[in-house]
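Student: Please find one structure pasted underneath; my questions will follow.
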Amino acid sequence: MAQEFLKRITFNRVEVLSAGIKTKPIHPMAVKVMLELGIDISGNESKSVNKFYHDRFDYVITVCDEAREKCPDFQGSFTKIHKSIEDPAIIKGTEQEKMEVFRTVRDNIKEWLTDFADGYKLG
């Protein structure tokens, strides 16, 4: 979700890559809540952070505490930014309750990244 929001917020003027500590399929509920906003992430794939180990970045953004702790140090100088966001995939409850959590997380990510892009003059 974060990758797609940041691409849109910056009008694709910055290259946005996404990777994780653990690779796993895109959660179907993430796809659904993004489609509610007209954004199709169904074709996205989970990539390992190790794929980008030798790349250089201006910013490395982590959105979960485990990623912040285990994220490798990439080459060059960059700014690390962390926002602790709950993983909606681990929430228990009815399908409707889970969807509400995914919507809340989606909206929080969008708001935070909009503020981030404004603060760093990326948009």
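Student: Does the chain come out rounded, prolate or oblate by the C-alpha gyration tensor, with a ≥ b ≥ c the root eigenvalues, rounded set by a/c under 1.5 and, if not, prolate when a/b is larger than b/c and oblate if not?
Tutor: prolate
Student: Now for a separate question. With +1 on each Lys and Arg Cβ and -1 on each Asp and Glu Cβ, how big is the dipole of the chain about its Cα centre, in debye rounded to the nearest 20?
Tutor: 280 debye
Student: I would also like to ask the following. Taking the Cα centre of the chain as the origin and placing charges on Cβ (Lys, Arg +1; Asp, Glu -1), which of Ile91, Leu122, Phe74 is farthest toward the positive end of the dipole?
Tutor: Going by the charge dipole, the pick is Phe74.
Student: Report ³J(HN,Hα) in whole Hz for each residue of segment 68-83, in order, from the Karplus equation J = 6.51 cos²θ - 1.76 cosθ + 1.60 where θ = phi - 60°; Gly and Pro get x.
Tutor: 4, 6, 9, 5, x, 7, 7, 6, x, 9, 7, 9, 8, 10, 10, 9
Student: Pull up all non-local amide H partners of Tyr59: gap of 5 or more, or a different chain, and H-to-H distance under 5 Å with H placed in the peptide plane.
Tutor: Here Thr79 satisfy the definition.
Student: Per-residue ellipticity at 222 nm for the chain, helices alone: DSSP H runs ≥ 4 residues times -39500 (n - 2.57), over residue total, nearest 500 deg cm²/dmol?
Tutor: Computed mean residue ellipticity for the chain: -12000 deg cm²/dmol.
Student: Same structure, new question: If you filter segment 11-69 for trypsin sites (Lys or Arg not before Pro), then keep DSSP loop positions with at most 13 other Cβ within 10 Å, what is left?
Tutor: Passing both the DSSP loop test and the Cβ count: Arg13, Lys22, Lys47.
Student: What GluC sites (Glu not before Pro) does segment 1-109 have in DSSP loop regions with at most 12 other beta carbons within 10 Å?
Tutor: Those satisfying the criteria are Glu15, Glu36, Glu45.
All of the numbers you see were taken from the coordinates with simple rules; none came from a lab. Remember, predicted model here, so these are calculated numbers, not experimental data. Positions of Cβ are generated from backbone atoms using ideal geometry, with glycine treated the same way; all protein chains shown enter the neighbour counts.
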